[in-house]
1. Determine, from the Cβ-Cβ distance of residue 27 and residue 221 and an R0 of 41 Å, the FRET efficiency 1/(1 + (r/R0)^6), rounded to the nearest 0.05.
2. Which value in nm describes the separation of the simple spin-label points at residue 249 and residue 85, placed 7 Å from the Cα toward the beta carbon?
3. Express the relative contact order of the stretch 165-256 as a whole percentage, based on alpha carbon pairs under 8 Å and six or more residues apart in sequence.
4. Take residue 149, project a point 7 Å from its Cα along the Cβ direction, then tell me which residues of the stretch 213-257 have their backbone nitrogen under 14 Å from it.
5. Mind jotting down the distance between the C-alpha centroids of the stretch 159-206 and the stretch 217-269, whole Å?
6. Suppose the chain between residue 77 and residue 257 were pulled fully straight at 0.36 nm per residue; how much longer would it get relative to their current alpha carbon spacing?
7. Compute the FRET efficiency between residue 65 and residue 96 as 1/(1 + (r/R0)^6), taking r as their Cβ-Cβ distance and R0 = 30 Å, and round to the nearest 0.05.
8. Which distance in nm do the two modelled labels at residue 267 and residue 134 give, with both placed 7 Å along the Cα-to-Cβ direction?
């Protein structure tokens with residue numbers, strides 16, 4: 001956790017060093033995506049009859065077909081959260097594929113490509129980071145497949161465990177409750193690791209000029225032995241975004257439902273919360289870039305040590321050969 005705290009502090013320092021560039025990126029590119037995410041979550045109660053309820057019923061039918069215990073609150077909560085996630089993903093997909101990926105490409109260009117953000121104000125020109133976007137786009141699409149595969153694998157494992165317990169006649173209330181708690185922990189760990197790998201794969205694809213599955217494989221190699229540091233970095237960003245989303249629901253959506261009108265003070269409060277959400281997205285990308293630099297530096301140092309050790313092992317053989 002000490003390394004994670006150090007990376008967070010270094011990322012915050014980098015953010016303030018390039019304050020003009022990063023705030024411009026947040027305002028011009030990330031703000032529309034943050035607004036769509038927050039508004040889609042605000043529209044979830046109104047979208048329940050047509051779309052969200054259909055998604056929830058489909059997921060619940062899958063859970064029942066897999067014979068997951070319906071009495072456990074974990075699966076009911078998971079059904080609701082997955083339905084909301086799918087609805088938000090579908091409704092914000094066009095903006096994510098354009099504005100958010102362009103924002104990530106520009107942040108990676110500023111942090112990892114040697115551009116000094118203190119000398120130039122505003123975001124970098126489009127021509128400088130557009131090639132990075134072409135590498136990031138297929139990687140992001142493959143990341144969606146990776147996230148879907150991770151969810152499917154976790155549910156398949158839970159399906160096997162619950163059905164095995166049912167066949168053995170051990171499906172008592174206490175056993176089912178313990179298995180549900182273990183399943184919740186397992187699902188959280190799998191989703192967190194998948195998210196960290198996908199975020200690191202975006203940076204790898206931008207810096208190495210590659211797309212698709214190859215950046216994901218490189219990210220898996222880079223993160224090896226640094227899983228706790230990666231999870232420690234993902235925790236503050238996810239908690240911050242969740243807090244901002246809850247604040248938007250409480251301060252904007254709730255006040256609008258009570259008053260029934262959108263006045264100027266409520267509008268500016270919604271604007272401020274959305275902009276703060278955009279800044280957290282930019283800071284999350286900066287932390288991924290810093291973590292990538294640490295992983296790449298450690299890999300290079302390990303390779304150099306390995307070459308030196310290999311040379312030391314070969315030195316006696318060379319001496320024997322010369323002696324002969």
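The numbers here are math on the coordinates, done by the rules we state, and not lab data. Since the structure is predicted, the reported quantities are computational estimates derived from the model, not experimental observations. Cβ: placed from backbone, ideal geometry, glycine included. Neighbour counts: every protein chain shown.
1. Working: r = 36 Å, r/R0 = 0.87.
That gives a FRET efficiency of 0.70.
2. Calculated label separation equals 1.5 nm.
3. On the way: 29 pairs, mean separation 21.1, N = 92.
That works out to 23 percent.
4. What the label zone holds, given the 14 Å backbone N cut-off, is 213-221.
5. Going from one Cα centre to the other spans 23 Å.
6. Working: separation 180, 0.36 × 180 = 64.80 nm, distance 2.42 nm.
Value of the extension gain: 62.4 nm.
7. Numbers: r = 31 Å, r/R0 = 1.03.
The computed FRET efficiency comes out at 0.45.
8. 4.1
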